[in-house]
Each structure stands twice: as structure tokens, then as C-alpha cells.
Amino acid sequence: MNNNDLQKSWLNLDSKVCVLTGAAGGIGSAIAGALVRQNAHVVLLDRDEQKCRELAAELAQNSEADVSVLHCDIADPVSVQHAAEQVQALHGRCDVLINNASVLQAGALETLSLEHWNQVLSVNLTGYLLCAQAFGRLMLARQSGSIVHIASIAAHYPQTFSGAYSAAKAGVAMLSRQIAAEWGPRGIRSNAICPGLIRTPLSAAFYADPKVEQQRKAMTANQRIGEPQDIADAVLFLASPRAGYVNAAELTVDGGLESMLMALIPRPGFESPMASHQA
């Protein structure tokens, strides 16, 4: 048995029905690929149905995995309910829901319009609830299921001039815990992942300047920018039966960024020997 087969056996996601929102994005695509490599039945949900179909075709080139594509606007309760009904018709159940869809819009609180605020919350928080309700009902009917919510380290620290983003992600973290508390006794696990600096198509502009990229790397203990696969690997664990006693948890995947505050404060006489050597 090779290492890939061992991983599949260990995670036990083979044939699990896994619904993924925001599948067309950078992190979503990585999660989809990771699930396919586990032989899961993957359902890709996104407003960009064409991009999802392109992703599904790409995944099919390297495997015989069962991948379905459904158009879904998670901010629209009718669209979400229709998607849940289609999953029920296709597979008869939902074992895993990954709440991953997200939007980010710049905006200062001083001038932030209510429309802007509601647009961000409708996807980044309300949409997570709608999906948890629609697909959670399928799980509750079977007394079994796992929900993984993609939050952000912005849930812990204000991400300034990003409109409602931090408030929404903080809401996701609490929503995850509340679902765990209410549905845990009925066989449902709910956990959140808080990514840090991750290189995706949406953040690519941040790394166009090598100096900016180096500054960002220096803010992490790992001294590197995270990749979508780093988040996908964490999703696999939390989604799998191997995390069977992990519930209401928040897993921060940020390369140690949150632990670097004191290291970034100038302290003469306490510099890293490595920094002195490099200088």
C-alpha cells in the first residue's frame, strides 16, 4: 500500500458526500482537489457555474471521482434550498458541508453604506447559516455529519478598511460553535478554520511587489506565505472521522502569524542571532 492509499484509508472519506461552497475560488479549488483524491463524492457549489464545470473537467482528467456541479447563490435562501434538494436527489444524503464561499470589499466604517454592509454579511455570514440549515437537515435526519466553516484570522483581529469582513468572520466563528452546541448531541460536528496569509488569485496583487511579499513572509513564524493546499489539508482532517471528537473548535492555519507580535516589536539587545548574521 503506497502513501496515498494509506492517507485515504486513514481519513476514511472514501464515498462520503461532500458539499463545497465557493468551489470556483482558489481555496475552494484546492479543497475540491483534496476531496477528489480521497475518492469522496464531491458537489461543487458556486455562482460561477462555468468555472466550476471547468474545475470538474480538470479533476476528471486525473481520476474517476464522482464530481457534480450545481449553481448556487448562498445569499439566496431559495437557491440554497434548491441545491440541497438536488444533492438529496443525487446522493440521498450529505455527509460533509464545507462553508467556504466568501467576498471581500474595501470600505472604511466611517462611510460604509448599509447596502455594502449587508452585501458582505449576506454571503460571509448569513449564507453560512442558510447552507448549514439546508444541508444540516439532511445530516440531522441521519444523526451524522460534519460541517467545516472557513473563517479567517480577521475574526480575531480587526482587518481595517475591509468593510464588514472582520465582523462577518467573527460571526462565522460563533455560528460554528453554536451549531456544535445545538447539534452536537444529535451527531453533528461543526468546526471552523481561520486561514492567515494565503496566496490565491484574489490576493495575487499583494505579492506582485517582491518587497511586499518578503515583508509579509517575515510576519509569519514559518517565514512563508500559505498556499490553498495548506487550508485543504486542514479541511480534510476536520471533515473526516479522524476528528470525531473535535467539535466547536477553531483551527488557526496561519504559519504562526498570530504568535509573532512580540517578535515584530524592536527590542535592542534581543535580536535574533540569525538576523545579526544576515545583516
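When Pro266, Pro185 are checked against the criterion of being in a loop (DSSP other than H, G, I, E, B) and exposed (fewer than 14 other Cβ atoms within 10 Å of the Cβ), a single residue qualifies: Pro266.
Residue by residue, here is whether (1) small (Gly, Ala, Ser); (2) within 29 Å of Met262 (Cα to Cα); (3) modelled with pLDDT of 95 or more holds:
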residue: Ser176; (1), (2), (3): yes, no, yes
residue: Gly184; (1), (2), (3): yes, no, yes
residue: Ser190; (1), (2), (3): yes, no, yes
residue: Cys194; (1), (2), (3): no, yes, yes
residue: Glu213; (1), (2), (3): no, yes, no
residue: Pro228; (1), (2), (3): no, yes, yes
residue: Val235; (1), (2), (3): no, no, yes
residue: Arg242; (1), (2), (3): no, no, yes
residue: Tyr245; (1), (2), (3): no, no, yes
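Residues of the range 142-159 that are more than 18 Å from the chain's Cα centre (by Cα) and either at positive phi or without any contact (Cβ under 8 Å) to a residue 12 or more places away in the chain (or both): Gln143, Pro158.
For the range 206-235, give me each residue that is outside any helix (DSSP H, G or I) and buried (at least 16 other Cβ atoms within 10 Å of the Cβ).
Passing the criteria: Met219, Thr220, Ile225, Gly226.
Considering (1) out of contact with any strand residue (DSSP E or B) (no Cβ under 8 Å at 6 or more places or on another chain); (2) in contact (Cβ under 8 Å) with a residue 12 or more places away in the chain; (3) closer than 17 Å to Leu138 by Cβ, say which one Ala89 fails and leave the rest. It is condition (2) that Ala89 fails.
Counted as qualifying within the range 2-72 are the strands (runs of 3 or more DSSP E) with 1 or more residues that are surrounded by fewer than 20 Cβ atoms within 10 Å (Cβ to Cβ) and among the hydroxyl-bearing types (Ser, Thr, Tyr), namely 67-71.
Can you confirm whether Asp76 is surrounded by fewer than 23 Cβ atoms within 10 Å (Cβ to Cβ) and under 23 Å from Ile193 (Cα atoms)?
Considered against the rule, which asks whether it is surrounded by fewer than 23 Cβ atoms within 10 Å (Cβ to Cβ) and under 23 Å from Ile193 (Cα atoms), Asp76 comes out as no.
Pick from the range 50-87 the residues that are of a type in the set (A, V, I, L, M, F, W, C) and more than 21 Å from the chain's Cα centre (by Cα): which of them is nearest to Ala134 (Cα to Cα)? So the residue we want is Val78.
Those residues that are among the aliphatic types (A, V, I, L, M) and touching a residue at least 60 places away in the same chain (Cβ under 8 Å), I need them from the range 25-44; list them, please. So that I can check it myself, show each step before the final result.
The initial filter retains those residues of the range 25-44 that are among the aliphatic types (A, V, I, L, M), namely 27, 30-32, 34-36, 40, 42-44.
Passing the criteria: Ile27, Ala30, Ile31, Ala34, Leu35.
Any residue at all in the range 100-111 that's buried (at least 19 other Cβ atoms within 10 Å of the Cβ) and within 21 Å of Lys16 (Cβ to Cβ)? Yes. For the range 188-205, a residue qualifies if it is out of contact with any Lys or Arg (no Cβ under 7 Å at 6 or more places or on another chain), of a type outside the set (S, T, N, Q) and buried (at least 18 other Cβ atoms within 10 Å of the Cβ), and the qualifying residues are Ile188, Arg189, Ala192, Ile193, Cys194, Pro195, Gly196, Ile198, Arg199. The set of residues in the range 151-181 that are among the β-branched types (Val, Ile, Thr) and in contact with a Gly (Cβ under 8 Å, 6 or more places away or on another chain) comprises Ile153, Ile179. Reported count of residues in the range 155-174, each being surrounded by 22 or more Cβ atoms within 10 Å (Cβ to Cβ) and closer than 21 Å to Ala23 by Cα, is 4.
The values are calculated or read from the model by the stated rules, or taken from the named source; none is laboratory data. Source: prediction; values computed, not measured. Counting neighbours? That spans all protein chains shown, and the Cβs are built from the backbone with ideal geometry, glycine included.
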